[in-house]
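Undergrad: I am attaching a structure below and will ask some questions about it afterwards.
The values are calculated or read from the model by the stated rules, or taken from the named source; none is laboratory data. These numbers were taken from a predicted model, which means no experiment stands behind them. Quick reminder, even Gly has a Cβ in these numbers, built from the backbone with ideal geometry, and neighbours come from all protein chains shown.
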Amino acid sequence: MSETVELLSITEYNTIGEMLLNLIAECPYIPEGITPQYQNIGTAESIGVYTLPGAKYLKKNVLGGFTAQVKFQVAYKSFPAGNGDRINSQSVVDQIMEWLEKVNELPALSGNRVITKITASNSVAYKDVSGEDKSITFAADAVMEYEAE
């Protein structure tokens, strides 16, 4: 017997994407002068927040509340000049993810949504394949579970 997976509605998916972007924008480890972008990373030093496929409802109740799960990624593009700069760039993503995993200390989401758990992976590096701009992007994936009453 297989369990039916109900994907998040497009409205909920868009709502939680915006909330996630706003939440990450409040992170104290975002480098000064950078505003995270949704589903995009700029050509200069920047941070992108990406919601990934597979967002789903885990439980629904008869009063309209639910528990859901969203996969997302945080990416940081920088232009490191050497090993020390690369280590510092990677640490930006790692610090953001560590901050997100401290669910009890995070600001509340709107619409009676409460984050119950965030599990993050370690960051991985992606080099500019063209070699033109000398950038490197560090990215880490995470899964967020949340409830709405």
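Undergrad: Looking only at residues in region 49-88 that are under 25 Å from Asn22 (Cβ atoms) and of a type in the set (Phe, Trp, Tyr), which one is nearest to the chain's Cα centre (by Cα)?
TA: Phe72
Undergrad: So, in region 31-61, how many residues would count as being touching a helix residue (DSSP H, G or I) at 6+ places or on another chain (Cβ under 7 Å) and among the basic types (Lys, Arg)?
TA: Matching residues across region 31-61 total 0.
Undergrad: Name the single residue, out of those in region 25-59 being in contact (Cβ under 8 Å) with a residue 60 or more places away in the chain and touching an Asp or Glu at 6+ places or on another chain (Cβ under 9 Å), that is surrounded by the fewest Cβ atoms within 10 Å (Cβ to Cβ).
TA: In this case the residue turns out to be Thr43.
Undergrad: Among (1) more than 28 Å from Ser135 (Cα to Cα); (2) touching a Gly at 6+ places or on another chain (Cβ under 6 Å), which single condition is Leu7 missing?
TA: All conditions pass for Leu7, except number (2).
Undergrad: If I filter region 94-141 down to residues being basic (Lys, Arg) and within 17 Å of Ala25 (Cβ to Cβ), which single residue comes out as surrounded by the fewest Cβ atoms within 10 Å (Cβ to Cβ)?
TA: Taking region 94-141 first, the residues basic (Lys, Arg) are 102, 113, 117, 127, 134.
Cutting the leftovers down to within 17 Å of Ala25 (Cβ to Cβ) gives us 102, 113.
Values: Lys102: 9, Arg113: 19.
Among them, the one singled out is Lys102.
Undergrad: Here is a follow-up. Which number in (1) more than 16 Å from Tyr146 (Cα to Cα); (2) touching a residue at least 12 places away in the same chain (Cβ under 8 Å) marks the one condition that Val70 misses?
TA: Val70 satisfies every listed condition except (1).
Undergrad: Among what's in region 12-34 and is more than 16 Å from Tyr76 (Cα to Cα) and among the charged types (D, E, K, R), pick the residue that is modelled with the lowest pLDDT.
TA: Taking the candidates together, the pick is Glu12.
Undergrad: Only one of these conditions is not met by Asn22: (1) surrounded by 10 or more Cβ atoms within 10 Å (Cβ to Cβ); (2) in contact (Cβ under 8 Å) with a residue 12 or more places away in the chain. Which number is it?
TA: Checking Asn22 against (1) surrounded by 10 or more Cβ atoms within 10 Å (Cβ to Cβ); (2) in contact (Cβ under 8 Å) with a residue 12 or more places away in the chain, the one that fails is (2).
Undergrad: What strands (runs of 3 or more DSSP E) completely inside region 48-149 contain at least 2 residues that are among the acidic types (Asp, Glu)?
TA: Fully inside region 48-149 and qualifying: 136-148.
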